[in-house]
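Only one structure is covered here, and it is reproduced in the block below.
Here, each number is a calculation from the coordinates, and none is a lab measurement. Quick caveat: nothing in here was measured; it's all calculated off a predicted structure. Glycine also receives a Cβ, built like all others from the backbone with ideal geometry; neighbour counts cover every protein chain displayed.
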Amino acid sequence: MNNSQQRARRTPQGARATERSQARRAELIATGRKLFADTSYDALSMDDIARHAGVAKGLIYYYFTNKRGYYLAIIDDAVAELVERAAATHDLPPVERVRHTVDGYLRYAQHNQAAYRAIVTGGVGFDAEVLAIRDAVRARLLGTIALGAWGRQDIPALARTALTGWLSSVEGITLDWIAEQEVPRETVIALLVRGLGDTLRLIEEYEPTCPAPSRRTG
């Protein structure tokens, strides 16, 4: 940012312009999330996106450079919501915290299927930036689980490996569930919660410094 831009932002007019710009960018991302929720990346052109957003195509290029930049911004925003859902359970009892987190995760995947598939599978052609976003959200989710289970995020390698395995099973089960929609969500929640309980007890067996919080968790 140059000096003139910095001075503009310090003025009331500059601050309002910045707020309007941020609001417009957020509106475009919200539109994109709806479009990409059930439509693949390749199926939407920039003309399609601009028409649905009710803006000139150049405005999307202005904020996001290109279609890929727009897509990455949408994925990043979706990830932020997914992580926020997982972290918003700190005031609940442990068992309810786990159920609430898993329920929120499944609801998110169900209502944002294309975005969820992109996050989990690596996006368009295993896009390196989407993979980095996926790795970041996995790390945040693992940290949330570890904090809830043991009150810390710095955990032994065995515990991290076991929880990563459980999270991978969550992703696989969720992908199958949103594709088939044959099993009730409550049943899938019970399956995943039980799996986490079993994983935590297995971790305790091999790593006594990480005791399972409660057998009721599984």
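Details
- Neighbour counts of other Cβ atoms within 10 Å put Thr174, Thr187 in the fewest-to-most order Thr187, Thr174.
- Relative exposure of Arg185, Arg134, judged by other C-beta atoms within 10 Å (fewest first): Arg185, Arg134
- Cβ crowding within 10 Å, taken as a proxy for footprinting-reagent exposure, orders Glu96, Glu180 from fewest neighbours to most as Glu180, Glu96.
- Calculated on C-alpha atoms, the gyration radius of region 113-194 divided by its Kirkwood radius gives an Rg/Rh of 1.00.
- Distance in nm between pseudo-label sites at Ala179 and Thr39 (7 Å out along the Cβ direction from Cα): 2.3 nm
- Karplus 3J(HN,Hα) series, Hz, for region 64-72 with 6.51 cos²θ - 1.76 cosθ + 1.60 (x for Gly, Pro): 10, 6, 7, 4, 5, x, 5, 4, 5
- Stretchable slack from Arg24 to Thr209, in nm (0.36 nm times residue separation minus alpha-carbon distance): 61.7 nm
- For a paramagnetic label modelled on Arg51 (point 7 Å from Cα along Cα→Cβ), amide N atoms under 11 Å away are absent within region 15-37.
- Derived scalar couplings ³J(HN,Hα) [region 109-120; Karplus, 6.51 cos²θ - 1.76 cosθ + 1.60; whole Hz; x for Gly, Pro]: 4, 5, 9, 9, 5, 5, 5, 5, 4, 5, 4, 6
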